[in-house]
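**Student:** First the structure, which I've put down as structure tokens, then a few questions once you've had a look.
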Amino acid sequence: MISQFFVLSQRGDSIVFRDYRGDVQNGSTEIFFRKVKFWKEDGQEEAPPVFNVDGVNYFHVKVVGLLFVATTRVNLSPSFALELLQRIARVIKDYLGVLNEDTLRKNFVLVYELLDEVIDFGYVQTTSTEVLKSYVFNEPIVADTSRLPPLEPSAIFAQRAKRMPGIAVTKSVIATEPGGKNREEIFVDVIEKISITFSSSGYILTSEIDGTIQMKSYLTGNPEIRLALNDDLAIGRGQGPIYGAGYRSSSGSGAVILDDCNFHESVRLDSFDVDRTLSLIPPDGEFPVMNYRMTQEFRPPFRINALIEEAGSLKAEVILKICAEFGSSVTANTVKVQMPLPKYTTRVNFELNPGAVGETTDFKEANRKLEWSLKKIVGGSEHTLRAKLTFSQESHGNITKESGPVSMTFTIPMYNVSRLQVKYLQIAKKSRASEPYRWVRYVTQANSYVARI
Amino acid sequence: MAPPQQSQRSPSPSQPSGKGEVSDLKSQLRQLAGSRAPGVDDSKRELFKKVISYMTIGIDVSPLFGEMVMCSAASDIVLKKMCYLYVGNYAKVNPDLALLTINFLQRDCKDEDPMIRGLALRSLCSLRVANLVEYLVGPLGSGLKDSNSYVRMVAVIGVLKLYHISASTCVDAEFPSTLKHLMLNDPDALVVANCLSALQEIWTLEASTAEEAAREREALLSKPVVYYFLNRIKEFSEWAQCLVLELAAKYVPSDSNEIFDIMNLLEDRLQHANGAVVLATTKVFLQLTLSMADVHQQVYERIKAPLLTLVSSGSPEQSYAVLSHLHLLVMRAPYIFSGDYKHFYCQYNEPSYVKKLKLEMLTAVANESNTYEIVTELCEYAANVDIPIARESIRAVGKIALQQYDVNAIVDRLLQFLEMEKDYVTAEALVLVKDLLRKYPQWSQDCIAVVGNISSKNVQEPKAKAALIWMLGEYSQDMQDAPYALESLVENWDEEHSPEVRLHLLTAVMKCFFKKPPETQKALGAALAAGLADYHQDVHDRALFYYRLLQYNVSVAERVVNPPKQAVSVFADTQSSEVKDRIFDEFNSLSVVYQKPSYMFTDKEHRGPFEFSDELGNLSIGAESADTVVPAQSVEANDKDLLLSTTEKEDGRDLGSNGSAYSAPSYSSAATSQSHEELALTNASVLGQAPASSFAIDDLLGLDFPVGGTAAAPPPPPPSLRLNPKAVLDPGTFQQKWRQLPISSSQEYSMSPQGVALLTSPNALLKHMKDISIHCIASGGQSPNFKYFFFAQKAEETSTFLVEYIINTSSAKSQIKIKADDQSSSEAFSTLFQSALSKFGSP
């Protein structure tokens, strides 16, 4: 039972506020915002997504810098509330096309319309974008798309959120195109976030792929869709995942073995066991068809070599080397490498490969961090950075203990490490002249890509 | 509804403060109200939007009420909706104006468009004005019968809203029974789900006053109803599924076939992408299999993968909620997750609330086979730039060390921390080394060698400094320069701000003195002098105490200050197992995130539909006791887990139902006085066998008497307490009292194995207690935990004592909690109760 729902801007202004039960006192937005902002005096720790102040429970999720908050006095399921907040954000985005503070402010009446139907007297009624369509009468005031970043695939990952909202396209489910006719199209994105930790000697300590097959459909008439995955896809790795050593022969045979997966409500698995086909009637809006998790060994897209050695009493040198271990037809972009340096570092002189293009380096003095950004890395290439450090005091022997680990973020479009594939995407179409557009895209992104030194 | 929050925030340039704008809007709305000009709707929309946006940021726009209502007579649905929103917001503070809206809302309730009917009905019920309820009954009645499911859905929640405005109107109109009919017959799943929500809320609130409502609430958990919901679970939305699953988790199946049927039916819910559904399903599985140990284990295995997938597939907030539950499971069954420890490794970009949970999990799953890897990983975090996490990691290493048998490798790592020369690392590590030495004194040689090298000047944090000083005192015989290190610390006495450190310093100097008198004498003198001059009371008193002790007899002082110590085998757990069990019972709720049972953070009217009988409610019943459950549970507030009942309850119900439970004065004086004599005898004979602890209490109380020389006054006789042998109390009252009264006494005891065996045969114990007028109201539990609830009443007045008696047969511990109407006699009752227990089984 939800008492209130509100959305706050980064500065704490309430953009939308809806009270459903009237059992939480006024001023809850201020109480909440103060608590989140000053969770710990030193500001080192983030407020947890759930906390209790004077008998009122506050749930919040951060979406594109906005705080989506629900309050209640009852002992609610935290997953329920947080899933709901996330879902409300997605529904709003489905309607507004682009979700940000500006569009939310422009369309708050529409958002109220939605909120009235999503929750009644604290009880969730529906969060289906499609069902809600019949209750919404306001037209969205769409964002000025020309001011948005260009729609290259990497823009999908403009947000640093863990779950990518995966902006398939930035158009509202109810807005009509300028031409007056909506284009028939469907987007299927296979998004994989990879986490790897390399030991100081370059071995893989842990690795995991968290993948999502995300769909956004603009098809009229709700046709059934069949989505075929790899024939050799297997689920479940037997009891207890086996890491590092002792991989079964599978890695050679090319079978894709998922540890586990889950599916969207609408997915039917009738023939999944036979031919690995998912069938579904996609609801409107954006939704994850399937989430999967994999600890099977995979070839990491980048190798990181990091070396730090003393060069005299007040000097040291860091050498970072990145090798792109994927085919030359693929290009990674928005690559960023970071490394914390000893806290007594005062100055850093960088030295890039001769002829390096689109690479920038920086030493963030505030938190003693080295940052190396590369616009593009073509498959098979190698990039090196040398950094000469100057210290304010003599190091006490072990400078490797005082620095690192090296972390890396990147996006690699049209590449996925798991080898999970959408073999085909079939639309059961009832006699219509034009074939709908079908987009199947793959993207790999670093989640936690770390090399220890 | 946005409540007016005016005058709370300082106006910022982007947010107008109100006044001028509001009167501006007012005149503009006036102009438009009567206009029929083309395009007027658009301008109205713009104005309405402005009004709503002011409302959102907390400007009071209620003065516009009349104008808003006038303008919204139009047929434009967008305008209507905005007006509904506005009206719902301000009706409560303007009840007179709200009356204006009744007319058009009632008319809209009969509109031909079901959308308008639904919207109008929703707004009508949202007015929350008590004197308007008469206008609600009619539209609600027809709404519930509407042919359109949207209108019915709105009407069902409308009934609940009406109940909150005026419960009697709602009940008199027989809406609850209409909802029940609808719940079991409506073709639309959302209507059905809303009925369930509404009825749960209504009947739970009604149950405290009406027996029938309590019965109805029970009936929601009956087999036909639960099966009705479970069989059509896939028709419900994911949110309503959570509701159904929550219901199913409370259901008590009659046999194991039923359990397996339900689990097979719900198996695929574990593959749902919505974490709330998966966790709700998990709860059903865990609750159903509580009594089947091996299946329960299989459930853990089964839910592991889906939960881990949820952790990594959602936003950090969603992972946090799932991880909190995983944490609970890991704490309950560490061995099941010990192979999956790598899933709990922290990622560098995770928020700290996630990392902290993961560290706790790593601590919990560490065992012989994985400790090396886990500790290696934790050591990486200790060097991390994120200082709070680095500290937590070091603490985690320490906790693992304290729970392991083989600490060889860990000690080395801890000692390496000391050599890392980062202040906070050293500080944390010192505290850990101290605890480690208290448990494993055999490691002192290795640790002391390293600790001895640490200069106290490099340690600033009080806890760490105190730990270092403790070690200097405790192991001064092995540290050459301990006396000098202490001496220099004493010299800086005035600069030491923490009293904790100064207290430790006093004790350490004393200890050191006994071991190395000549070297320490000077430091001791200085420390005592400084201590006596200390402004802090505790420090001063301790110094004075030491000083007098030394004056009296040095060897006695040594025995007091530095007696031979036993290694600590287990450090006290911060949470009792009872609290942990209760949190587990509240799986998939905030209790798990906060790591507290719900009664610690919610007021009782918000405990949720089935949680409110929290004290008695979570006893589980053994298979045999299920048969003894009286089917017609007329006793209000009795939960599904009806406990082993005693015969008193039959009496109790008769009396309790007419509310005279307390004043049963109809016993002949002869009978009572006779039983009093018996009771007095019992008391006397029993006292000799009472557990020692009760005497200790007496002695403490006896301090009030002047103690002259050796002839101490005899302890005061326990005030005689006479109990009513025919006391009655119905379970509802018991629960109510149990919730309201504070605990007047709570004690823990160890028991002999024979005692344990005896106490687990309930009937004999109940009879024994009944003989001395302490009645059992409920009992139950499964090995190793048994629980009894007793009550007793004073003979001459209606003052009641309530007892919760918990026995853990595996640890041979028992716990007695007593609550009493009359606090002053609770001590006497406690003594009586304990003596009765100790007499039990010793013929």
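The values are calculated or read from the model by the stated rules, or taken from the named source; none is laboratory data. Since we're looking at a predicted model, the values are computed, not measured. Because the Cβ atoms are built from the backbone with ideal geometry, glycine has one as well, and the counts that use them run over all protein chains shown.
Yes or no, residue by residue, for (1) within 8 Å of chain B (Cβ to nearest Cβ); (2) modelled with pLDDT under 95:
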| site | (1), (2) |
| --- | --- |
| A:His60 | yes, no |
| A:Val64 | no, yes |
| A:Arg73 | yes, yes |
| A:Leu82 | yes, no |
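**Student:** Tell me, yes or no, whether segment A:138-147 has at least one residue that is under 30 Å from B:Ile202 (Cα atoms) and either modelled with pLDDT under 95 or not charged (D, E, K, R) (or both).
**Tutor:** First, pick out the residues of segment A:138-147 that are under 30 Å from B:Ile202 (Cα atoms): none.
No, the conditions are met nowhere in segment A:138-147.
**Student:** For segment B:303-355, how many residues are assigned to a loop (DSSP other than H, G, I, E, B) and in contact with a Phe, Trp or Tyr (Cβ under 7 Å, 6 or more places away or on another chain)?
**Tutor:** 2
**Student:** Sticking with this one: Starting from residues that are over 25 Å from A:Pro48 (Cα atoms) and of a type in the set (A, V, I, L, M, F, W, C), keep the ones in segment A:82-103 and report whichever is surrounded by the fewest Cβ atoms within 10 Å (Cβ to Cβ).
**Tutor:** Here the residue is A:Val98.
**Student:** If you don't mind, another one. Listed residues A:Val111, A:Val131; which is in contact with a Phe, Trp or Tyr (Cβ under 9 Å, 6 or more places away or on another chain) and assigned to a helix (DSSP H, G or I)?
**Tutor:** From the options A:Val111, A:Val131, the qualifying one is A:Val111.
**Student:** Shifting gears a bit: What do you reckon, is A:Phe51 more than 8 Å from chain B (Cβ to nearest Cβ) and part of a strand (DSSP E or B)? Spell out how you get there, then give the answer.
**Tutor:** Values: more than 8 Å from chain B (Cβ to nearest Cβ): yes; part of a strand (DSSP E or B): yes.
Spelling it out, A:Phe51 is indeed more than 8 Å from chain B (Cβ to nearest Cβ) and part of a strand (DSSP E or B).
**Student:** State which residue is farthest from the other protein chains (Cβ to nearest Cβ) when the search covers only segment B:356-376 and only residues that are of a type in the set (Gly, Ala, Ser) and not in a helix (DSSP H, G or I). Outline the logic, then answer.
**Tutor:** At the first step, the residues of segment B:356-376 found to be of a type in the set (Gly, Ala, Ser) are B:364, B:366, B:369.
Pick out the ones that are also not in a helix (DSSP H, G or I) and you get B:366, B:369.
Working: B:Ala366: 16, B:Ser369: 11 Å.
The extreme case among them is B:Ala366.
**Student:** Among B:Ala198, B:Ala240, B:Ala213, which is the only one that is buried (at least 20 other Cβ atoms within 10 Å of the Cβ), at pLDDT below 90 and out of contact with any strand residue (DSSP E or B) (no Cβ under 7 Å at 6 or more places or on another chain)?
**Tutor:** Numbers: B:Ala198 fails: at pLDDT below 90; B:Ala240 fails: at pLDDT below 90.
Step by step, each of B:Ala198, B:Ala240, B:Ala213 is checked, and only B:Ala213 is buried (at least 20 other Cβ atoms within 10 Å of the Cβ), at pLDDT below 90 and out of contact with any strand residue (DSSP E or B) (no Cβ under 7 Å at 6 or more places or on another chain).
**Student:** Please count how many residues of segment A:210-230 are in a strand (DSSP E or B) and over 13 Å from the mean Cα position of the chain (by Cα).
**Tutor:** At the first step, the residues of segment A:210-230 found to be in a strand (DSSP E or B) are A:210-217, A:225-229.
From what's left, over 13 Å from the mean Cα position of the chain (by Cα): A:215-217, A:225-229.
Of the residues in that region, 8 qualify.
**Student:** So, A:Val36, is that one more than 10 Å from every other protein chain (Cβ to nearest Cβ), within 25 Å of A:Val131 (Cα to Cα) and surrounded by fewer than 24 Cβ atoms within 10 Å (Cβ to Cβ) or not?
**Tutor:** No, not satisfied.
**Student:** Return the only residue of A:Ser328, A:Ser407, A:Ser373 being in contact with a strand residue (DSSP E or B) (Cβ under 8 Å, 6 or more places away or on another chain) and within 14 Å of chain B (Cβ to nearest Cβ).
**Tutor:** Working: A:Ser328 fails: within 14 Å of chain B (Cβ to nearest Cβ); A:Ser373 fails: within 14 Å of chain B (Cβ to nearest Cβ).
Just one listed residue meets the conditions, A:Ser407.
**Student:** How many residues does segment A:289-301 contain that are crowded, with 23+ Cβ neighbours inside 10 Å, in a strand (DSSP E or B) and either touching a His at 6+ places or on another chain (Cβ under 8 Å) or away from chain B (no Cβ under 14 Å) (or both)?
**Tutor:** Qualifying residue count, segment A:289-301: 1.
**Student:** I'd like to verify a number: residues in segment B:251-273 that are within 14 Å of chain A (Cβ to nearest Cβ) and either more than 16 Å from B:Ala189 (Cβ to Cβ) or surrounded by fewer than 21 Cβ atoms within 10 Å (Cβ to Cβ) (or both), how many?
**Tutor:** Number of matching residues: 6.
**Student:** For A:Asn26, indicate whether it is facing chain B (nearest Cβ under 7 Å), closer than 26 Å to A:Asn107 by Cβ, of a type in the set (S, T, N, Q) and in a loop (DSSP other than H, G, I, E, B).
**Tutor:** Details: facing chain B (nearest Cβ under 7 Å): yes; closer than 26 Å to A:Asn107 by Cβ: yes; of a type in the set (S, T, N, Q): yes; in a loop (DSSP other than H, G, I, E, B): yes.
Considered against the rule, which asks whether it is facing chain B (nearest Cβ under 7 Å), closer than 26 Å to A:Asn107 by Cβ, of a type in the set (S, T, N, Q) and in a loop (DSSP other than H, G, I, E, B), A:Asn26 comes out as yes.
**Student:** Scan B:Ala526, B:Ala557, B:Ala530 and give me the residue that is in a helix (DSSP H, G or I) and over 49 Å from the mean Cα position of the chain (by Cα).
**Tutor:** B:Ala526 is the lone residue from the list that is in a helix (DSSP H, G or I) and over 49 Å from the mean Cα position of the chain (by Cα).
**Student:** Name the residues in segment B:432-457 that are surrounded by fewer than 20 Cβ atoms within 10 Å (Cβ to Cβ), closer than 20 Å to B:Leu503 by Cα and touching a residue at least 12 places away in the same chain (Cβ under 8 Å), would you?
**Tutor:** Matches in segment B:432-457: B:Asp435, B:Arg438, B:Ser456.
**Student:** Something else now. So is A:Ser128 in contact (Cβ under 8 Å) with a residue 60 or more places away in the chain and within 12 Å of chain B (Cβ to nearest Cβ) or not?
**Tutor:** Yes, satisfied.
**Student:** When you scan segment B:90-100, do you find a residue that is among the basic types (Lys, Arg) and either under 20 Å from A:Asn138 (Cα atoms) or modelled with pLDDT of 90 or more (or both), even just one?
**Tutor:** No.
**Student:** Tally time: how many residues in segment B:325-342 are at the interface with chain A (Cβ under 9 Å from one of its Cβ atoms) and surrounded by fewer than 23 Cβ atoms within 10 Å (Cβ to Cβ)?
**Tutor:** First, the residues of segment B:325-342 that are at the interface with chain A (Cβ under 9 Å from one of its Cβ atoms): B:325, B:339-340, B:342.
Cutting the leftovers down to surrounded by fewer than 23 Cβ atoms within 10 Å (Cβ to Cβ) gives us B:339-340, B:342.
Residues meeting the conditions: 3.
Here's the yes/no breakdown for (1) under 29 Å from the mean Cα position of the chain (by Cα); (2) assigned to a helix (DSSP H, G or I):
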site	(1), (2)
B:Asn194	yes, yes
B:Ser197	yes, yes
B:Thr204	yes, yes
B:Thr209	yes, no
B:Ala214	yes, yes
B:Arg217	yes, yes
B:Pro224	no, yes
B:Tyr227	no, yes
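**Student:** Now for a separate question. Filter segment B:785-802 for residues that are among the charged types (D, E, K, R) and in a strand (DSSP E or B); which is nearest to B:Ala820 (Cα to Cα)?
**Tutor:** That would be B:Lys794.
**Student:** Here is a list of conditions, (1) in contact (Cβ under 8 Å) with a residue 12 or more places away in the chain; (2) of a type outside the set (A, V, I, L, M); (3) within 14 Å of chain B (Cβ to nearest Cβ), and A:Lys364 meets all of them except one; can you say which number that is?
**Tutor:** Checking A:Lys364 against (1) in contact (Cβ under 8 Å) with a residue 12 or more places away in the chain; (2) of a type outside the set (A, V, I, L, M); (3) within 14 Å of chain B (Cβ to nearest Cβ), the one that fails is (1).
**Student:** While we're on this one: Looking only at segment A:259-288, count how many residues are assigned to a loop (DSSP other than H, G, I, E, B), of a type in the set (Asp, Glu) and free of Cβ contacts under 8 Å to residues at least 12 places away in the same chain. Before you say what the answer is, go through the steps one by one.
**Tutor:** Of all residues in segment A:259-288, those assigned to a loop (DSSP other than H, G, I, E, B) come to A:259, A:264-266, A:269-271, A:276, A:281-284.
If we keep only those that are of a type in the set (Asp, Glu) as well, we get A:259, A:265, A:270, A:284.
Narrowing the set further to residues that are free of Cβ contacts under 8 Å to residues at least 12 places away in the same chain leaves A:265, A:270.
Adding up the residues that qualify gives 2.
**Student:** I'm told A:Glu192 meets every condition in (1) of a type outside the set (Gly, Ala, Ser); (2) farther than 30 Å from B:Glu380 by Cα; (3) modelled with pLDDT of 85 or more except one. Can you identify the failing condition by its number?
**Tutor:** For A:Glu192, the exception is condition (2).
**Student:** Of all residues being part of a helix (DSSP H, G or I) and acidic (Asp, Glu) in segment B:74-123, which is nearest to the other protein chains (Cβ to nearest Cβ)? Just the residue, please. Break it down stepwise before answering.
**Tutor:** Of segment B:74-123, the ones part of a helix (DSSP H, G or I) are B:77-90, B:95-108, B:114-123.
Filter once more, so that each one left must be acidic (Asp, Glu): B:96, B:108.
Numbers: B:Asp96: 19, B:Asp108: 15 Å.
My answer is B:Asp108.
**Student:** Name the single residue that is farthest from the other protein chains (Cβ to nearest Cβ) among those in segment B:274-309 being small (Gly, Ala, Ser) and either in contact with a strand residue (DSSP E or B) (Cβ under 6 Å, 6 or more places away or on another chain) or surrounded by fewer than 21 Cβ atoms within 10 Å (Cβ to Cβ) (or both). I'd like the intermediate steps shown before the answer.
**Tutor:** To start, the set of residues in segment B:274-309 that are small (Gly, Ala, Ser) comprises B:275-276, B:280, B:291, B:293, B:305.
Adding the requirement that they be either in contact with a strand residue (DSSP E or B) (Cβ under 6 Å, 6 or more places away or on another chain) or surrounded by fewer than 21 Cβ atoms within 10 Å (Cβ to Cβ) (or both) leaves B:291, B:293, B:305.
Values: B:Ser291: 24, B:Ala293: 19, B:Ala305: 4 Å.
Taking the candidates together, the pick is B:Ser291.
**Student:** While we're on this one: Provide a single number: the residues in segment B:248-275 that are of a type outside the set (Ser, Thr, Tyr), touching a helix residue (DSSP H, G or I) at 6+ places or on another chain (Cβ under 6 Å) and over 25 Å from B:Val311 (Cα atoms).
**Tutor:** Number of matching residues: 2.
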